[in-house]
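Here the structure comes first, spelled out in structure tokens, and everything after it is commentary.
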Amino acid sequence: MGYDVSRVRASYPALADGYAYLDGAAGTQVPQPVIDAIGDAYRGGIGNVGGTFPASRRSDGIVAECRRAVADLVGGAPEGVVLGANMTTLTYRLAYTLAGQWGPGDEVVVSRVDHDANVRPWIQVAERAGATVRWAEVDPATGELPVEQYDNLIGPRTRLVAVTAASNILGTRPDVPAITARAHAVGALAYVDGVHATPHGPVDVAELGADFYATSAYKWSGPHVGAVIADPLALEALTPDKLRPAPDDVPVRFETGTAPFADLAGVVAAVEHLAGLDSAASGSRRARILTSMATVDAYEQELFAELLAGLDAIGPVTTYGKASRRTATAYFTVAGHPPRQVAEHLASRRVNVWSGHSYAWELTGALGLRDAGGAVRAGLVHYNDRSDVERVVTAVADLAG
Ligand SMILES: Cc1ncc(COP(=O)(O)O)c(C=O)c1O
């Protein structure tokens, strides 16, 4: 494996500020090439798309290159990459559009492992359409989403199954291919939330069986841009609300208003950055992404084992989640200290973590944590190193006493 974390860290200017950044699950830092790509786009002159002059053509080029880059990242087709403000906004848009085809008696399946952005939009549109919502339950002892329950949840009236590729607090990676296969067996669509999963390992939307796969670039070292990747033919079959003069072709039909073109240039640079993480990776950009992200996964899992062992060795600490497949995301409480107080103590030690429900509303409810302020989340991404792990463990141990 050609992974050199010090080389990678050196490309992130923000990491030089002396803080341990364990808040990547809420948004990552941005490496210099991404910052440069955004600055270069503005410096070089950009215009709105579809014009006759070079600055406009440059924006056309950036948008096309951005679709290619995101498609390479997750294994889709560039014509199926819908770009937008963030995952939540795009999911609401898709939900409104898809529910236009639902009626009373139709069913949608959501899960209690998911971030609320892949739950509430489906509940709200289902209610309006008179459709029924069915729940896939989490096993609170392990944080697993047992797949067998989908045999009972999915039936002839199921129109859509929404499920996450990874929990943003416990890291649980449900068996998405098994769930989407059950959805497809009855002709239902699968909407997969890939926001937390994408930065932690290789993604292949076809392997997952995702008809729609949502991701957010700001979780993988890019700017604040979201994307939904779908089969272009599936997009052709849908008619979102749109302005009359706005283009009707796919995927542009789903994109409202003017895009943040400079940020899209940053998304391309972020994908290049991920592709280059393993210096031994070679071949096409897609091939380098697959190699690099597999390396990132292995690297993060090794550090995660140290993080969990360190936290579990502290008596008053309780860690949550024991899924067999999970991202490097620790969620824990410290007896006698509310989660926010733990986060404040860690901030005073220059360690960035999150506390609270982190929008995993149903999951924190199922774990019995939501009303007590959730728990503390310390998440690892590819730029974290052993010193970050040591710092968070030492600071928690000092607080726990
Ligand atoms: C798993 C997961 N899904 C969805 C979202 C929402 O993403 P966005 O901020 O792009 O709307 C988040 C954000 O934290 C997340 O972690």
What are the membrane-span-like helices in the chain by this rule: whole DSSP H runs, Cα extent along the axis at least 24 Å, mean Kyte-Doolittle hydropathy at least -1.0?
54-74, 285-312
Segment 260-335: relative contact order from alpha carbon pairs under 8 Å, six or more residues apart, as a whole percent, is 19
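What's the longest piece of the chain with no exposed GluC sites (Glu not before Pro), counting a site as exposed if DSSP puts it in a loop and it has at most 16 other beta carbons within 10 Å?
For GluC sites (Glu not before Pro) (loop position, at most 16 other Cβ atoms within 10 Å), the longest site-free span of the chain is 149-401.
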Quick check: the distance between the Cα centres of segment 178-212 and segment 218-266, to the nearest angstrom?
19
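Just to confirm a number: summing +1 for Lys and Arg and -1 for Asp and Glu over residues other than Gly51 whose beta-carbon lies under 13 angstrom from that of Gly51, what do you get?
In short, +1.
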Pop a pseudo-label 7 angstrom from the Cα along the beta-carbon direction at both Val186 and Gln301 and give the gap in nm to one decimal.
3.3
With each pseudo-label sitting 7 Å past Cα toward Cβ, what's the Ala55-Tyr42 distance in nm, one decimal?
1.4
Rounded, prolate or oblate: which fits the chain, taking a ≥ b ≥ c as square roots of the Cα gyration tensor eigenvalues, rounded meaning a/c under 1.5, else prolate when a/b beats b/c?
oblate
Take the Cα of Ala77, step 7 Å along the line toward its Cβ, and report every residue of segment 195-232 whose backbone nitrogen sits under 18 Å from that point.
204-214, 228-232
So what's the net charge close to Gly356: Lys and Arg +1, Asp and Glu -1, counting the other residues with Cβ under 15 Å from its Cβ?
-2
In deg cm²/dmol, rounded to the nearest 500, the helical mean residue ellipticity at 222 nm of the chain, built from -39500 (n - 2.57) for every DSSP H run of length 4 or more, is -12000 deg cm²/dmol
Viscosity 1.567 mPa s, temperature 4 °C: give me the Stokes-Einstein translational D for segment 1-150 in µm²/s, with Rh taken as the Kirkwood radius over C-alpha pairs.
66
Per the Kirkwood formula on distinct C-alpha pairs, the Rh of segment 210-291 is how many angstrom?
14.6
How much length is gained on full extension from Glu137 to Arg386, taking 0.36 nm per residue of separation minus their Cα-Cα distance?
86.1 nm
Once Asp312 and Ala287 are pulled to full extension, the length gained, defined as 0.36 nm per residue separation minus their Cα-Cα distance, is 5.3 nm
When averaged across all projection directions, what area in nm² does the alpha-carbon convex hull of segment 259-394 cover?
10.7
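Taken together, the values in this text are just the output of simple stated rules run on the coordinates, not laboratory data. Please read all numbers here as calculations on a predicted model, not as lab measurements. Counting neighbours? That spans all protein chains shown, and the Cβs are built from the backbone with ideal geometry, glycine included.
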